[in-house]
Amino acid sequence: MKHPHTLSGMLFALAALACFATLDTSAKVVSLTLPVLLGLWFRYIFQAVLTTAVMLPQRGRTIFHTRHLGLHVLRGALLATTSLLTFLSVAYMPVGEFTAIAMIAPLVVTLLAATLLGEHVSRTRWVLVAGGFVGTLVIIRPGGDLFGWHVLLPLAQVATHSTFQILTGKMVKTEDGVTMHFYTGWVGALLASLALPFAWVLPETRGQWAGLLLMGAMGTVGHFLLILAYRRTAAATLTPLLYAQIAFAMLGGWLVFSHVPDGWALLGMTMIAFCGAGSAWLAVRESRLQLEPMEI
């Protein structure tokens, strides 16, 4: 399938990544004065309501059609847990370093696909997976500023996000993407609403309201932009671009918190970005070789 709008798709993807980095940065700002669960609720209720308002008139009742409602609930719960762990992580550590650790999720997916699904993984990709993990250890190294109990939060986030991606890969074969997005938003909103009474605090300042609304807007707009990107450009082209989110996160941390990663952290980030993008490129190359006709 040809993609004549590759450039626009790449620009949409970069804009989506900027939105996600802004979401994480604003979550860190909000966590300074408001409960994390309150931010989580705003993030999902905003997405659920806006997605319904935009897509329901276009799709009608077909947006509810699914043969695997239980999987949608599980997928929504996994993403809500991932979001909660994300917000907790950025509350305790710099946004750039957290983002770099979180970006090893595609490498973990490769590991899970090989061990649990029996998929073939080349030696080179195994080396890249190992390199990504080494980059993570460099960032959270013993004796570093980030070393402590809170480093378990982004590692747990990687585990839930990787499981979410594996499940998504299975569901997209039979489920509509918009329907998946719809259920994900409402499952997250419902779960956050159940926990809201334990963390409800009425925001008192305009800055707090602005931070909460920015979180909801950036999460929702980011997902819509990513959908537009994948409609215009092949996933193989976009995957290596996803690691640009590390740069956006570092920029946000510098602009808002005046934080600059040290040399070791920058080395770990570079290793993760290089190994992740290299693994994505190899996956694309291997899939193309499998599709090429055999010579007789």
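The values are calculated or read from the model by the stated rules, or taken from the named source; none is laboratory data. What you see is a predicted model, and the numbers here were worked out from it, not measured in a lab. Methodologically, a virtual Cβ is constructed for each residue, glycine included, from the backbone with ideal geometry; neighbour enumeration extends over all protein chains shown. The protein model used for the area step is the full one, side chains on, heavy atoms only, and it has no ligands, DNA or RNA in it. Shrake-Rupley method; radii C 1.70, N 1.55, O 1.52, S 1.80 Å.
A few notes on this one:
- For the stretch 1-71: span of alpha carbons on each principal axis (Å, largest first): 47, 34, 24
- Placing unit charges on each Cβ (+1 for Lys and Arg, -1 for Asp and Glu) gives the chain a dipole about its Cα centre, and among Phe182, Phe87, Pro240 the Cα reaching farthest toward its positive end belongs to Phe182.
- Once divided by 2.2 N^0.38 Å, the Cα radius of gyration of the stretch 165-279 becomes 1.36.
- Residues in the stretch 256-275 that a label on Thr124 would reach, taking backbone N under 16 Å of a point 7 Å out along Cα→Cβ: 274-275
- Over all orientations, the chain has a Cα convex hull whose mean projected area works out to 17.6 square nanometres.
- For the stretch 122-196: Kirkwood Rh in Å [reciprocal of mean 1/r, alpha carbons]: 15.6
- All Cα pairs of the stretch 55-126, percent lying beyond 19 Å: 61
- Solvent-accessible area, 1.4 Å probe, carbon plus sulfur percent, for the stretch 168-278: 72
- Evaluated over the stretch 11-149, the Cα radius of gyration and Dmax, each in Å: 18.4, 56
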